[in-house]
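A quick write-up on the structure given underneath.
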Amino acid sequence: MVKASEIVKETNMTKKKKLYSAYVEENMPKSNSLANTVRAFIIGGGICLVGQVITNTALYLGAGRDEAPLYSIIGLILMSVILTSSGEYSRLAKIGGAGTIVPITGFANSIASAAIEYRRENLFEGIGAQIFSIAGPVILYGILSSSVLGVIYYVMEYVL
């Protein structure tokens, strides 16, 4: 048997949910998905273009085919850390959104941001410990997944 007080409570909860949903809808900033996608594509593509320019320049200057991409990686990491420490990477991220999460530069940004955030503490307890708060899980799961895939590859190649 349903009591009248339970019906009133349920009705009040439904009204509150509708009022809250209307409030959220009214105050939530509107976003233009197409414009955000285009900006992310341009910024992410620009970062990749810089990496390709570094690679082509290294090849032109005499680096081998195996060495040239390494110069690109080093250059992109250095660029990301410099832009992060100067505060420009966050401005770039506000414009380009997900386009700045290109794997190398995004990871370097996250590590540099952690180091910058804890620089006021001493070298070991601040930067030394906190820099791996973001990098640690990535390194751990990267090693774990590559080990699992290596075992699968070995079994498929040499056992089967």
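Structural remarks
- Efficiency of FRET between K15 and C48 - r from beta-carbon atoms, R0 45 angstrom, step 0.05: 0.30
- Rolled with a 1.4 Å probe across the full set of protein chains, the surface gives M28 an accessible area near 100 Å².
- Gain upon complete extension [N32, E67; 0.36 nm per residue less C-alpha separation]: 8.5 nm
The values are calculated or read from the model by the stated rules, or taken from the named source; none is laboratory data. Just so it is clear, the model here is predicted, and its values are computed rather than measured. For neighbour counting, all protein chains shown are included, and Cβ atoms are generated from backbone atoms with ideal geometry for every residue, glycine included. For accessibility, only protein heavy atoms count, side chains too; no ligands or nucleic acids. Shrake-Rupley method; radii C 1.70, N 1.55, O 1.52, S 1.80 Å.
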